[in-house]
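Encoded as structure tokens, the structure appears first; notes follow it.
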Amino acid sequence: MDHPSRAQCGGAAGPTQKASRMSISRRAFLATAATLGIGTGTALLSGCASSGTNVTGPSGSPSSLEVFSWWTEGGEKAALNSLVSEFHVHNPHIDFVNRAVAGGAGTNAKAELARRLKAGDPPDTFQGQAGAMLDDYVDAGQLEDLGFLYQQQGWDRALNSTLLQLTQRAGKHWSVPLDIHHINVIWANKRVCDHAKAPVAPDNVPDFVTALHRVAATGKNPLAISATAAEIWQVKHLMECLLVAEVGPAGWPALWKAGGDWGTQQVSTALAALRQILALAVNPTAEVSWDKASAMVGSGEAAYQIMGDWTEASFTLAGLLPHRDYDWAPAPGTDGTFVFASDCFTLPKGAKDRDAAIAWLVECGSQAGQDSFTAVKGAIPPRSVIGSTERGLFDEYSNWSMQQWTGTQIVGSLTHGVVARAAWNSAIDSALLSFAANRDPVRLQTALQAAAKQYAA
Ligand code: GAL
């Protein structure tokens, strides 16, 4: 587990801090963050200092908030710090205890969380993902229904309705969405692509394969990806983009319903492409975290990465410039579809500091909280209306993503929690780990069919 850090603010942030936070652009924030060392977790924009002591709330009782997430890398960590900073503007008396557990896509965090919940030791709030990922916690009776907070804060109207429809269960609210991430995105190093005469935005999967061959011919790594046990989710992420490209926005949700047909020629074609593409990546058996893979693209060691838009936050944090150093586009063959994931926070039953957790959830559901986080994270806020002034806080990429969100077909992500529960995801991870070793798409398809038969409800 990552070392927890504790931070407290000695008093309310001054008016200058508030004003500067609301008007700061993402790139300016990141530049400041880098200077202050926020990316390495040493300081917060609001001037919070690290401390190991509890502070007292208005009632005189100690008030500390244990927040569990997996945001420990690059832009993830900077975005969490930005949100904490905003939280402290409204809650200067609450001591923030960071329980982030390293590991992309929550690989290690989810296991640690399960252990704590089983032991009856929940954090005050934990990061979840809207959709099926939360179902196990709901079924196990581990979460409080947040209907009261939705009513009090007017979130049913303020939050994006497409997202709300996809995230409620049986009319109850189990989490507060903080962001919308774009999953089907290809990131490209412009110079490497130009040198190889490969497009930065291949239109479809066959064009992508041709582009990878062109890059390979120049001696560069065509695709930054890791297929180790800890990083197999990166392969799952690629696979879901290839499947969406083949089956389209109508066929994708059908795969996750009872009777979904995983035996089709379209699925076979997507898995054959997965084998071809993985074969072109240089040394995918090396342990490379998603942010290191992004850094390979940023530095020109590799040409492409297919990854969620937290990658953009890391490029920005590294001082890279869009269209000069990197470019992005919908993953090949998925133009017109927005595969989304939404990070959210929950209220576990038995939270030790329930009031502080509620204050955190209020921050997560507020415009200021969501803007402070998403503008740094590469994501977009999950609100029903995003005004033009608010859009000005976001950079070019996020504005593009906002347009895509409203102008394309929305479907949920597999790898990032929306369409399948944890057990189904684990079965797919095992199938992919075997595939990484045997590279047999027919066996992979058989395993995916079996998993669907076992887990589709
Ligand atoms: C996703 C999560 C993102 C980002 C990513 C990489 O599952 O939704 O917020 O953290 O993992 O770790």
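Read the figures in this text as sums done on the coordinates, not as results from a lab. Bear in mind that the values here come from a model prediction, so they are computed numbers and not experimental data. In this analysis, Cβ positions are derived from the backbone assuming ideal geometry, glycine residues included, and neighbour counts consider all displayed protein chains.
Laid out as a table, the results:
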{"read-out": "Mean Cβ neighbour count within 10 Å, used as a protection proxy, ranking 346-358, 253-265, 435-447 highest first", "value": "346-358, 435-447, 253-265"}
{"read-out": "Residue list for region 176-196, given a label point 7 angstrom along the Cα-to-Cβ vector of residue 396 and an amide N cut-off under 20 Å", "value": "182, 185-195"}
{"read-out": "Residue 282-residue 268 pseudo-label distance in nm [points 7 Å out on the Cα-to-Cβ vector]", "value": "3.5"}
{"read-out": "Cα-derived Rg over Rh, computed across the chain with Rh taken as Kirkwood radius", "value": "0.96"}
{"read-out": "For region 351-409 and region 226-255, distance of Cα centres in Å", "value": "25"}
{"read-out": "The chain - charge dipole about Cα centre, Lys and Arg +1 at Cβ, Asp and Glu -1, debye rounded to 20", "value": "220"}
{"read-out": "Given 292/349; 110/197; 110/172; 77/257; 292/453, the pairs whose alpha carbons are separated by over 31 Å", "value": "292/349; 110/197; 77/257; 292/453"}
{"read-out": "Region 276-313 residues near the modelled residue 321 label - backbone nitrogen below 17 Å, point 7 Å along Cα→Cβ", "value": "298-300"}
